[in-house]
Structure formats: C-alpha cells, structure tokens
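Every read-out reported here was derived from the displayed coordinates using simple, explicitly stated rules and does not represent laboratory data. These numbers come from a predicted model, not from an experiment. Positions of Cβ are backbone-derived with ideal geometry, glycine not excepted, and every protein chain shown enters the neighbour counts.
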Amino acid sequence: MTLEQEYRALREGLRRIEPDAHTFDASSYEPAAVARVRALWVDRTQNEYRSTFVFSALASQLLVAGASLEASAVTLRMAQDELVHAERCAGVAVALGGTPPTLPLTGGVATIAKHANVSREECALRNVVYTTCISEMTAVAHLTLSLERARDPFMRHHIRALLADETLHGRFGFHYLESWADWLGDRPGVRASLTRYLRFAFAVAEREFSWPSRAPGNADDDALGYVAPQEIVEIHRNTMEHAVAPALARFGLDAEEAYRTRTFAP
Amino acid sequence: MALPSSRDLHPKYVRFARALALASTLALPACSSEAPASSSGAPAQDASTGEKDAGKAGDASTRDAAVADGSIERDAGSVQDASTSDATAEDSGGGGGGVGPLPPPDMPA
C-alpha cells in the first residue's frame, strides 16, 4: 500500500462522472480565447485547493455542534472533493497549454468564522449556510451557465464533473437545516439571529463575487465554457434572489427580507 | 437606498439552482407559476423536469448534472453573446474562476 494508491482508490470512490477519452485540440480555437480560459482554470486550481481548508474547518465545527455522523462525514467528503477538483483543474490548465501547477500549493490558508458570541450550534448553522447555500449554490449556477455555453467535448466533461459534485455541496446546507428544523423551530431567538447574520452574509458574498470587468468572451470563449468575471455577480444575485432566499425562508428565516436589506452593518 | 436586484428573473441556471434548493427543503413548492418561457421561446418545462429529478430520493448529483446538461442542451446558444472581442491573452486572469466555497465571515458585534 502507498499513499498514492490509497488516494487513487479514494478518488475513484468519490467519482460521479464516468471518465472521458476526449482530448483538447487547441488548434480549433483562437489562442487568446484559450489563454483566457486557461487563466480561469489556473485560478480555479488555487481556489479549489484553498477550499479544502474551508470544508475541513467546517467539519470540525459540525462535530463540536453535535451534528449527525452523516452530516459530519459528508462535510469531510466535500473537503476531499475540493482536493480532487484541484487536481482536475490543474490537469485542465495543462491540457490548455499551461505550466503544470505544483500541488500542494503554499500560502493562502483560509480560515472560517468562529462567531464567538453565539452558540456552537448556531455557529455551525451560520457557516453551513454561508459556505453551501450561498457560496456553493452560486458555484452551481456559475457552472451550469458555463456548461450551457460550452461546446468543446473535453471542456464539457470537466465542467460536468465539477458540477456533479457542486450540486451536492450546494444542497448540503438545505439538508443540514432540515436536520435541525425541530431544534430551530423551538428557538425563535436563534432564527432571528440567523436572519440578522444573513443580511450581513448576503452583503459580504455579493462583494466577494464582484470581480473587475474583463473583455466579454467571443464565440470561441463560449465554446470553451468561459464565463467572464463580471458576469458572476449577476449570476450570484439571480441565484440568491430566486433560488436561495426562497428556500431558506422555508426554515423560518426571513431570508427574502434579509436579502433585500443586505448590509455590512451588524 | 435601493439595492441592486436581478435583471433576468429566470435564466436556466437560476431555475436549476432553484429546483435544487427547493427540492432539498421540507415542502416542495408548486413550480408551474415561476418558470416562464425561455428567451428562445422554448417551453418552460425544463425547470419542472429539473425540480422533479432533483427532488427524488437518493444521491442525485450525477443526474442533477445531467439534468442541467440536458435541459440546456435543448436551448443551445440562447443566452450566449456571440460578439467578438479584441481581448488578448494578457487580458485574462485575475480571478473569477473560483467555484469553491468562500470562507464564511464573522459579523461585527
């Protein structure tokens, strides 16, 4: 047994999409479009690797909060997904002509909020909602639009592979809220506190998803699944307003009002 | 002060996300009233298809991706902007590619 063998077995167990034999043919596209998409996948490699910190820390908070074994295990699974994604994204970047990114990446450690003034249960709920319902549901919408545009079979396969996992990550928070529905139902004060946090969280997330404008993509960019950075905030707003806030409202959180009145003020 | 609101109420990625989010919650809503025809004129049944699939028991992630894939395949190119660009390779990069979870922030007291 080697660690590499164990990792390969683990990766195989996590896989949701069958392997695909397509290779990338750069000659079909203008070099500038390939370069734009390559830069995006290099950025994605770093982002996915860093995301492992987030889900790993979240898993610890769930354990502290007394979450179910299943919830904690699935959170650890999501952390592992992010490492596999980093490897996949690095592979795509190389196929697009990039220099092989070196994993593990150094620096850029991500820490998550501790919410010292609330209970451990609410701390976990706040962070689950932010990371999955808000952040990962935006990723689901982002990748869905990317897949809608992509025509290149190699790119479509890898976008689908990420999307298949992100659908779990995005839904996780709603399932988690459901598992705590009785607990929340008995605690109007916690629901009100979570709603206050949502106003802040929506504002922070909107800022985080607001990227500087770049030139919009052309037909070749579309074929490669490119989504311009400035499009992401609109994807995020659409998803929060019409998908996430209405779903959160079903748990007694005034999420739609929280979204309308989102603010950095506590 | 009025905060920005979404311009496009029901692009397909939102309908898919909404189907996933609502199917995960305690009670499924009616979906017939919230999914208008797409910009290409295609019937809005894609969203309800997605909602039914996403709401089935079991691990539906692979199927969910296929639903998103299939439903948008039928409406290919409807939302894309095929305009050309002068952008160069140097115009690329600088973020925007991330699809991982953001670190949750602490709210100031």
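Summary of values
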quantity	calculated
Test item: A:108-121 mean partner chain Cβ contacts at 10 Å	2
Helical segments meeting 30 Å axial Cα length and Kyte-Doolittle 0.0 threshold in chain A (DSSP H)	A:31-65, A:69-95
Inter-site label distance for A:Ala116 and A:Thr23 at 7 Å from Cα along Cβ, in nm	5.6
Average partner coverage of A:150-160, which counts Cβ from other chains inside 10 Å	1
Rg/Rh for chain A, where both radii come from Cα atoms and Rh is the Kirkwood radius	0.98
Average beta carbon contacts from partner chains per residue of A:168-180, 10 Å cutoff	4
Cα pair distances in the range A:130-178, grouped into 10 Å bins until the bin that holds the longest one, percent each	29, 47, 20, 4
Cα Rg, Dmax (largest Cα-Cα span) when computed across the range A:136-226, Å	17.8, 54
